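Structure record follows, encoded as structure tokens.
The values are calculated or read from the model by the stated rules, or taken from the named source; none is laboratory data. None of the values given here were measured: they were computed from a predicted structure. Methodologically, a virtual Cβ is constructed for each residue, glycine included, from the backbone with ideal geometry; neighbour enumeration extends over all protein chains shown.
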Amino acid sequence: MALYSEKVMDHFRNPRNVGVIEDADGVGEVGNAKCGDIMKMYLKIEDDKIEDVKFETFGCGSAIASSSMATELIKGKPVSEAMELTNKAVAEALDGLPDYKMHCSVLAEEAIKNALDDYYSRHPEKKKEQ
Amino acid sequence: MRIYADNAATTKMSRAAVEAMLPYLEEYYGNPSSLYSEGQKAKEALEEAREKITRCINANAKEIIFTSGGSEADNQAILTAAALGKKKGKTHIISDTIEHHAVLHTLKKLEKEGFTVTYLPAHENGIVRVEDLVNAITGDTCLVTVMYANNEIGTIQPIKEIGAVCREKGILFHTDAVQAVGHIPVDVEDANIDMLSASAHKFHGPKGVGFLYARRGIRLETLIEGGAQERGHRAGTENVPGIVAAAAALEEAAGSLGEVSERVQVLRDRLIEGLKKIPHSALNGDPQKRVPSNVNFCFEGVEGEALLLLLDDKGIMASSGSACTSGSLDPSHVLLAIGRVHDVAHGSLRLSLGDDATEEEVDYIIKSVEEVVTYLRGFSPVWRDLVNGKSKFIL
């Protein structure tokens, strides 16, 4: 059996939404180079909707695939829904991750939440609406 | 095109080795401890294999014990020296920071049992210094165990000098020569080696076979109790086909040693020169004092596992010392020991060339690594911060 599912390999080989949003409404970064994984998420939010999302990742195959899948799962979705994204949903959408790679999906969830926190800190009024 | 550049992990069995083992799988499958001729034939083959191996490292037949591999031989050698030391009340061992885990974990076990271990630094070039060894020796030292050549960065240790120091001081000297035997000349007499571990699958023999050389007069500790095989030092019916194949493989490797290493070394240096051109990269370990096949680099801003997966897509099989490939949170202890910080050690790549490597393959590897590194850096936040001056380049 291969190390990763075909879905993981597909998202690793052809990551979706790679890059930077210069005028992002929220930016989140998690992990550190010491541990070998860093994810950075950029969000463009309009009318409480994730209009655009981009990511940069330094990390292993599953870290890149998890970032890619997480962006796919929230793109075009209401902010409230993006807020609900779980690492489990990311891993399931990738047809599973090896146990010792589950932390990659956790990083993806955290990176998005981090970016949303950044957005809310720039727009405190939005937070109250929730 | 598939290019196997992971020969430090394991090698393809040589034709000579495969052919040597076949009769002992199908025809002379008898137990070497049996009396009938099929068994005796196997016994003869076993002893012939032992003779062949002794000739390749300049030992005597009674000094070779066949084991399941390099790890078992390392365990047996170290536990033997520890037991002998303890009898004399000596419980100090000297080793170094870049040993294989078969050595390090055995030493850790001994530390729990009351032994003290001094780990010599491997310095930036991945080579221990004899003066550090001399300074570390005490009246309590019962063993010095320093590997012949490192499995990750390929650096060759000053074995002959270490052997001379140990002999003069009357201290047992063991060397894990798994990456050396069959690749560079090894002479246990000349280098004053008391015990040496080797593994067949690293020199085109089969997996699951290795040997321990122990100088005459050293009373070996038994790890596996049972029958009287291997003169009572290693119980269990001998792996005759594997042992015969191991000897055939080593005989062939030792016979063409100079010629092969000269050729492969040229390719290694070509590979090093090519990879050096990738910005913010660095060779790990001494550029010259390394086994002919080993190349090990760090590339800043990329992670090793991603690098390996993409190289695999391009047909290149290699390995890395990143945490993701080691199954632990820390990157390679060897890279950390030679001063590579975590951030950079995660981006390491080991390429170990085969005897049949070609210039064309090396050039393809250089081109592919460059492409993959550039691609991964393209969306690496670490690289972006380096390029934008937010953090400082290390390499």
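Observations on the structure shown:
- Listed by position, the strands (runs of 3 or more DSSP E) inside the range B:165-264 whose residues that are within 24 Å of B:S293 (Cα to Cα) and among the hydroxyl-bearing types (S, T, Y) number at least 1 are B:172-176, B:195-199.
- Against the conditions (1) over 22 Å from B:V302 (Cα atoms); (2) acidic (D, E); (3) at the interface with chain B (Cβ under 10 Å from one of its Cβ atoms), A:D52 satisfies every one except (3).
- Number of residues in the range A:90-117 that are surrounded by 19 or more Cβ atoms within 10 Å (Cβ to Cβ) and more than 15 Å from A:M39 (Cα to Cα): the value is 3.
- Restricted to helices (runs of 4 or more DSSP H) entirely inside the range B:17-110, those with at least 3 residues that are under 23 Å from B:G236 (Cβ atoms) and of a type in the set (A, V, I, L, M, F, W, C) are B:37-57, B:70-87.
- Apart from one condition, B:T358 fits all of (1) in contact with a strand residue (DSSP E or B) (Cβ under 7 Å, 6 or more places away or on another chain); (2) in contact (Cβ under 8 Å) with a residue 40 or more places away in the chain; (3) among the polar types (S, T, N, Q); the exception is (1).
- Close pairs (7 angstrom Cβ cut-off, 6 or more residues apart or separate chains): within 16 Å of B:T358 (Cβ to Cβ) in the range B:1-26, acidic (D, E) anywhere: B:I3/B:E361
- Set side by side, the residues B:K289, B:K390 differ, and just one is more than 22 Å from the chain's Cα centre (by Cα) and surrounded by fewer than 19 Cβ atoms within 10 Å (Cβ to Cβ), which is B:K390.
- Where A:L97 falls short, out of the listed (1) of a type outside the set (S, T, Y); (2) outside any strand (DSSP E or B); (3) without any contact (Cβ under 8 Å) to a residue 60 or more places away in the chain: (3)
- Checked against the criterion of being within 30 Å of B:R263 (Cβ to Cβ), within 14 Å of chain A (Cβ to nearest Cβ), of a type in the set (A, V, I, L, M, F, W, C) and surrounded by fewer than 23 Cβ atoms within 10 Å (Cβ to Cβ), the candidates B:L310, B:L283 yield just one match: B:L310.
- Residue within the range A:14-26 that is within 12 Å of another protein chain (Cβ to nearest Cβ), part of a loop (DSSP other than H, G, I, E, B) and at positive phi present: yes
- Filter result for the condition that a residue is among the β-branched types (V, I, T), in contact with a Cys (Cβ under 9 Å, 6 or more places away or on another chain) and farther than 20 Å from B:V334 by Cα, over B:V144, B:V134, B:V165, B:V186: B:V186
- Restricting the range A:27-42 to residues that are within 7 Å of chain B (Cβ to nearest Cβ) and small (G, A, S), the residue that is nearest to A:R122 (Cα to Cα): A:A33
Yes or no, residue by residue, for (1) under 22 Å from B:M1 (Cβ atoms); (2) basic (K, R); (3) not assigned by TED's automatic domain parsing to the domain that holds B:A200:
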| site | (1), (2), (3) |
| --- | --- |
| B:I243 | no, no, no |
| B:A249 | no, no, no |
| B:E262 | no, no, yes |
| B:G285 | no, no, yes |
| B:P292 | no, no, yes |
| B:C298 | no, no, yes |
| B:L309 | yes, no, yes |
| B:S320 | yes, no, yes |
| B:P331 | no, no, yes |
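- Looking across the range B:350-383, just one residue is of a type in the set (D, E) and either in a strand (DSSP E or B) or within 14 Å of chain A (Cβ to nearest Cβ) (or both), and that is B:E371.
- Condition check for B:R234 on (1) among the charged types (D, E, K, R); (2) surrounded by fewer than 23 Cβ atoms within 10 Å (Cβ to Cβ); (3) over 16 Å from B:T145 (Cβ atoms): one failure, at (2).
- Condition check for B:I137: in contact (Cβ under 8 Å) with a residue 40 or more places away in the chain and buried (at least 23 other Cβ atoms within 10 Å of the Cβ): no
- Residues within the range B:183-198 that are touching a helix residue (DSSP H, G or I) at 6+ places or on another chain (Cβ under 6 Å) and either over 24 Å from B:E252 (Cα atoms) or in contact (Cβ under 8 Å) with a residue 40 or more places away in the chain (or both), tallied: 5
- Total residues in the range B:237-273, condition of a type in the set (D, E) and in contact with a Leu (Cβ under 9 Å, 6 or more places away or on another chain): 1
- Filter result (more than 19 Å from B:D74 (Cα to Cα) and in contact (Cβ under 8 Å) with a residue 12 or more places away in the chain) within the range B:166-182: B:R167, B:K169
- Meets criteria (assigned by TED's automatic domain parsing to the domain that holds B:D356 and either without any contact (Cβ under 8 Å) to a residue 24 or more places away in the chain or of a type in the set (K, R) (or both)) for B:E225: no
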